[in-house]
Structure formats: structure tokens, C-alpha cells
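To start, the structure under review is shown below, and the notes come after it.
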Amino acid sequence: MPPAADTAADYFGSMIASYDSLIRRAVPRYEEMTQRLLEYLPPTAKRVLELGCGTGNLSLRLVQKYPHAQSTFVDAAPEMINVTRSRLIEKFPMAAAQAVFRVKRFEDVSHDDGPFDAITSCISLHHVKDKLRLYRHLHEALAAGGTFRFADQMAGAPGTHNGEINWNRWVEFCRQPGNCTEEEIQSLVDHAAAHDFYTPVAEHLQLLEQAGFVNVDCVWRNWMWGIVTAERT
């Protein structure tokens with residue numbers, strides 16, 4: 001597992017070799033969640049933005065869904081961008097040739113990067129503390145009628161034990177035979193304490209509306225993971 005890192009980008013950039021394996025061993029129903037996220041994206045889009053492309057697991061599916069779109073892939077870790085670019089060049093060279101790859105923080109995305117017909121992200125936005133600012137920037141970066149869809153880890157509702165229950169179920173999943181080692185679990189827990197900012201579903205929806213989005217909804221949940229959808233008029 002990677003050593004202690006100053007930022008989330010440093011942490012993930014140092015675990016390129018194990019990332020694809022670990023995410024499937026540490027995130028229950030990962031493949032189902034990714035597929036559901038794709039299903040809630042619009043059937044067509046000319047310009048697509050993915051926040052937190054990682055090693056390209058969702059990126060590859062996006063270019064399959066939108067083979068003629070110009071896709072922009074953003075990640076704060078240059079190592080992740082390089083892996084995604086290489087995988088796209090190998091499997092979808094035409095899509096890779098017209099794709100845009102940017103090493104930048106999600107918070108620095110602005111209307112100058114767009115406009116996009118669809119913005120999406122899978123298990124990345126919890127690294128952003130000021131989500132209202134982020135959502136305002138993304139709203140500005142969307143074209144009129146554009147959509148925003150993301151899957152992420154969610155906090156439990158305030159005043160309940162939901163968050164504790166969800167967290168314990170996650171640790172139990174990680175400890176199942178064939179999933180994570182105790183060293184891996186401790187590394188994930190330490191990373192979460194240092195870099196993660198979980199937000200309750202109701203707060204996500206409220207912040208999205210404050211940022212100008214409409215038709216906000218949570219369309220899928222499994223323990224601490226969920227999928228949220230929103231539109232720009």
C-alpha cells in the first residue's frame with residue numbers, strides 16, 4: 001500500500017499498480033454502480049466531462065457510449081491521467097485522438113472548460129470539501145439542458161446511526177475472504193480520515209439546487225454509496 005500522502009492525488013498516484021484490483025475488492029457492487037451511472041446518462045452527448053478519471057474504468061465505457069463525442073478527462077494525479085490516456089489509445093485510438101486530458105483539481109473546472117452536455121464522476125467528489133462552490137462551477141460549465149450525474153460515498157443523515165451502520169458494513173465487506181488485507185483496510189481508513197469529506201444525500205440535493213440545478217434526485221443507494229442526478233435548464 002502507498003505511504004502517507006499529503007493530498008488525495010498523491011495517494012492515488014502512488015497506487016497505480018494496485019488501484020484496479022483494490023477498487024473492486026473494496027467497493028461492494030462496484031460494477032453494478034458503474035453500470036447504473038452509465039444508464040442514467042443521456043443517450044447522446046457531443047461534449048462529455050469526467051471528473052476523476054482514475055485509471056479509466058468509467059472513461060472506457062464513456063467513449064463506447066459516446067463514440068463521436070469530444071471527451072474531457074480530469075484528474076489531479078498525473079499518473080492517473082497517463083494510465084487513462086494509454087488505455088484509451090490502446091482500445092479506442094480514434095476517441096483518444098480527439099479527447100482532452102487535464103491534470104487539475106475538480107474545484108478549478110470552470111465555464112471556460114465547457115460547455116459540456118454531460119458531466120459525470122465515479123467515487124471522486126468526496127475529496128472536495130466545498131461542494132457548493134464545485135456545483136456552481138459545474139453548473140456554469142454545462143450547456144443549457146445539460147446533465148450532471150455522479151456516484152460517490154455519502155454520509156449518513158445527521159442525528160441517525162446510518163453512517164455508522166454503513167461504515168461498519170463496508171469494513172465487514174473489505175474483510176471478507178479474498179477482498180482486502182488488514183494493511184489495505186488501514187490504509188483506506190487513514191486516507192479517508194485525512195482526505196475525505198462525506199456529505200449526506202439530502203445535503204447534496206440541497207446544495208445542487210442552490211447552485212442552480214433542477215430535477216435533483218438520488219437514483220441508487222447501497223450502504224454509503226449512491227448515485228445522484230441533476231439537470232441544468
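The values are calculated or read from the model by the stated rules, or taken from the named source; none is laboratory data. Treat the numbers as computed from the prediction; the structure is a model and nothing was measured. With ideal geometry, Cβ positions are generated from the backbone for all residues, glycine too; neighbour counts draw on all protein chains shown. Only protein heavy atoms, including side chains, enter the accessible area calculation; ligands, DNA and RNA are left aside. Shrake-Rupley method; radii C 1.70, N 1.55, O 1.52, S 1.80 Å.
Report the Cα centroid-to-centroid distance between segment 155-213 and segment 31-68 in angstrom, as an integer. Measuring centre to centre over Cα atoms gives 23 Å.
From the coordinates of this entry, Cα Rg over 2.2 N^0.38 Å is computed, and it appears in (1) 1.02; (2) 1.11; (3) 0.97 under the label (3). Heavy-atom accessible surface of Leu58, to the nearest 10 Å², is about 10 Å², with a 1.4 Å probe and all protein chains retained. Among Lys91, Lys131, Lys104, the sequence by solvent-accessible area, most first, with a 1.4 Å probe is Lys91, Lys104, Lys131. If the chain linking Asn179 and Lys91 were pulled fully straight, counting 0.36 nm for each residue of separation and taking away their Cα-Cα distance, it would gain 28.9 nm.
State the answer as a single residue: which of His195, Ala26, Val63 lies farthest towards the positive end of the charge dipole of the chain, with beta carbon charges of +1 for Lys and Arg and -1 for Asp and Glu, about the Cα centre. Looking along the dipole axis, the top candidate is Val63. Annotation for segment 142-233: trypsin sites (Lys or Arg not before Pro) lying in DSSP loop with at most 16 further Cβ atoms inside 10 Å of their Cβ are Arg175. Under the criterion of Cα pairs below 8 Å and six or more residues apart, the relative contact order for the chain equals 21 percent. Net length available on complete extension from Glu39 to Thr233 is 67.8 nm, with 0.36 nm assigned per residue and the Cα-Cα distance removed.
With pairing defined as another cysteine C-beta under 4.7 Å, the cysteines of the chain that fail it are Cys53, Cys122, Cys218.
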